[in-house]
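A short write-up of the structure that comes next.
Readers should treat all values here as calculations from the given coordinates under stated rules, not as data from a laboratory. These figures come from a predicted structure and were not determined experimentally. Here Cβ is always computed from backbone atoms with ideal geometry, including for glycine, and neighbour counts include all displayed protein chains.
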Amino acid sequence: MVPRLLTLLLLFSLLVAAQTPPAAVVLKIPPAAQAGPGFNAEAATNAYLATVTPSAKARSDAYFEGGYWLILWDFLYEAAILALLLAMGWSARLRDMAERITRRKPLVTWLYWAGFSIALFVLGFPLAVYEGFLREGQYGLMNQSFGGWFGDQAKMLGINIVLGGLLVMALFGIVRRLPKTWHLWGAGVTIAFQALIILIFPVFLAPMFNKYTPLEDARIREPILRLARQNGIQASEVYEVDASRQSKRVSANVSGIMGTERITLNDNLLNRCSPQGIMSTMGHEMGHYVLNHGYKMLAFLTILVAIFFGVLRWGLSWSLGRWGGRWGIREVGDPAVLPLAFLILSVLFFVGTPAMNTLVRVQEFEADVFGLNTARQPDGEAEVDLLLGEYRKMDPTPLEEFIFFDHPSGRTRIYTAMRWKAENQCLGDAVNPCGR
Ligand SMILES: [Zn+2]
C-alpha cells in the first residue's frame with residue numbers, strides 16, 4: 001500500500017530532465033494537415049496517425065495492451081504473496097522476531113515494517129524484473145543496465161523503509177491510542193504525509209535518481225519563461241532532467257507544492273522534439289500549474305483515502321474476527337496485521353483503477369486544452385503525441401480509453417489539436433486576427 005501510494009504520488013507529481021543544447025528538430029506537418037482553406041480536422045488527424053508505420057503501431061499496441069493484463073497479474077501476484085505471509089504464519093513470526101529485539105512498540109512496528117518491505121521486495125522480485133526491466137528492454141524503451149535498474153529499485157526500497165516506516169509508526173500509534181476513531185485520524189495523517197511527499201519530491205527524492213539542472217539553452221528557455229509570465233507563473237528557471245539515464249520515453253512534468261513547484265523537461269523530449277513540440281508541452285505543463293491540478297488531486301485523494309480507511313476498518317475487524325487467531329494476529333494494533341491491510345487496500349486500488357485513471361485523464365485533457373490556447377502549437381502537440389505513441393496506444397476504443405488510459409489517447413489529443421487549428425486559422429491573419 002505505501003509503495004503503491006508512493007508510486008501514485010510520484011506519478012501524480014507527473015514524473016518528467018537535461019543535457020547539452022540539442023540541434024533543433026524540424027517540425028514535420030503531413031500534407032493533409034497543412035493549414036489552408038480546405039483544412040479539415042478529421043483528415044488532418046488521420047494524416048498524422050497515418051505517419052505511424054504498421055510495425056510501430058503493432059509494437060505500441062502490444063506494449064500497451066500487455067499493460068492491461070499486467071494490472072491484473074500485479075494484483076493477483078501481490079495478493080498471493082500477502083495471503084502466503086498470513087496463512088503460513090510468517091507475518092506473526094516476523095512480529096515475534098521484532099519483539100525479541102525490542103519492547104518499545106513504535107520500534108517493533110518499524111522493525112516489522114522493514115522486514116515486511118524486504119519480504120515484499122524479494123518475493124515480488126521476479127515479476128518486477130520482468131515488468132520493469134526485461135519487458136521494457138523487449139520493447140526498446142530501456143536505457144539502463146540491469147545493475148543500474150537494480151540500484152534504483154534498491155534505493156526505492158530504502159526510501160520506502162525510512163519514509164513509509166514513519167507513516168506506519170504514526171498510524172499504529174493512532175490505532176492503539178484511538179481504537180474507535182483511528183480510521184478518521186489515520187486518513188488525516190495519511191493525507192498530510194502525502195502532501196509532505198509531494199512537497200519534498202522535487203527537492204529531495206527526485207534528485208536521488210536523476211540529475212536536475214537549470215535549462216541552459218536560452219533559445220529554448222526564454223520562450224518558455226515568456227509563456228510562464230503570460231500565465232502569471234513566477235518562474236525564473238526551467239529544469240531539465242537526464243531521464244535518458246533510465247529510458248527512451250519523452251516526458252515533462254510539474255512537481256512540488258507550496259513553493260517547491262517546478263516545471264521539468266526531460267532530455268529525451270529536448271532531443272527529439274521541434275521547438276513547437278517543446279512549447280506545446282510547456283503550455284500543457286503550465287496548464288497543470290495554473291489550473292491547480294496538484295491541489296485538486298490532493299483534495300480528491302482526501303476523499304478517496306477517507307473512504308479507503310473506512311473500508312479498511314470494517315474489513316480488518318471482519319477478517320480478524322474470522323481468521324485472526326489462526327494467523328496469529330492479536331488485534332488491529334498489531335503490526336502483523338499489515339499484510340491483511342495491504343490485501344484489502346490492493347483490492348480497493350484494483351477496483352478503483354478506472355476511477356483513478358479517469359480523474360487523472362480529465363486533468364490531462366484540461367491541460368491539453370490550456371496548452372493549445374496558450375502555446376498555440378497544434379502541430380507541435382501532434383508531434384509530441386506521436387512520440388508518446390511509442391508507449392501508449394494511439395487509437396483505442398472509447399471503453400479502453402475510459403478504463404485504462406490515464407492520459408487521453410493519441411487520437412483524442414491530436415484531434416483536439418487539429419480542431420483547435422481548424423477553428424483558429426484566422427490567428428495567422430496579421431491585420432485583424434479572428435476579428436479581435
Ligand atoms: Zn500532463
Q. Tell me, what HN-Hα J-couplings in whole Hz come from the Karplus equation 6.51 cos²θ - 1.76 cosθ + 1.60 at θ = phi - 60° for each residue of the stretch 376-393, using x for Gly and Pro?
A. 6, 10, x, 6, x, 4, 4, 4, 5, 4, 5, 5, 5, x, 5, 10, 9, 3
Q. In nm, what is the difference between 0.36 nm times the number of residues separating residue 146 and residue 26 and their Cα-Cα distance?
A. 39.7 nm
(Q) Quick check on the chain: helices-only [θ] at 222 nm, where DSSP H runs of length 4 and up contribute -39,500 (n - 2.57) each and the sum goes over total residues. Nearest 500, please. (A) -21000 deg cm²/dmol
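Please report the orientation-averaged projected area of the chain, defined via the convex hull of its C-alpha atoms, in nm². The partial results should precede the final answer.
Working: hull surface 89.3 nm².
Computed as one quarter of the Cα hull surface, the answer is 22.3 nm².
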Q | From phi via Karplus (6.51, -1.76, 1.60), per-residue ³J(HN,Hα) for the stretch 28-40 in Hz, x at Gly/Pro | A | 10, 10, x, x, 6, 10, 6, 4, x, x, x, 4, 9
Q: Name the residues whose placed amide hydrogens come within less than 5 Å of the amide hydrogen of residue 231, ignoring near sequence neighbours (fewer than 5 apart) on the same chain.
A: none
Q: Output the pairs from 105/155; 296/421; 248/393 with a Cα-Cα distance over 22 Å in this structure; if there are none, say none.
A: 105/155; 296/421
Q. Relative to a virtual label point 7 Å from the Cα of residue 69 in the Cα→beta-carbon direction, which members of the stretch 348-364 show backbone nitrogen distances below 16 Å?
A. none
Q: Compute the distance in nm between two label points, each set 7 Å from the Cα along the Cα-to-Cβ direction, one at residue 295 and one at residue 260.
A: 1.8 nm
Q. In a Debye calculation with equal point scatterers on the alpha-carbon sites of the stretch 274-321 and no solvent, what is log10 I(q)/I(0) at q = 0.19, 0.23, 0.27 Å⁻¹?
A. -0.70, -0.81, -0.89
Q. Any number yet on Rg/Rh for the stretch 278-436, C-alpha, Kirkwood?
A. 1.20
Q.
Give the residue list of GluC sites (Glu not before Pro) in the stretch 202-297 that are DSSP loop and have at most 16 other beta-carbon atoms within 10 angstrom.
A. 216, 237
Q: Using label points projected 7 Å from each Cα along Cα→Cβ, tell me how many nm separate residue 43 and residue 427, to one decimal.
A: 2.2 nm
(Q) For a quick check of your reading of the filter: which chymotrypsin sites (Phe, Trp or Tyr not before Pro) in the stretch 133-188 sit in a DSSP loop and have no more than 15 other Cβ atoms within 10 Å? (A) none
Q: State the percent of C-alpha pairs, over all pairs in the stretch 359-423, separated by a distance greater than 13 angstrom.
A: 60 percent
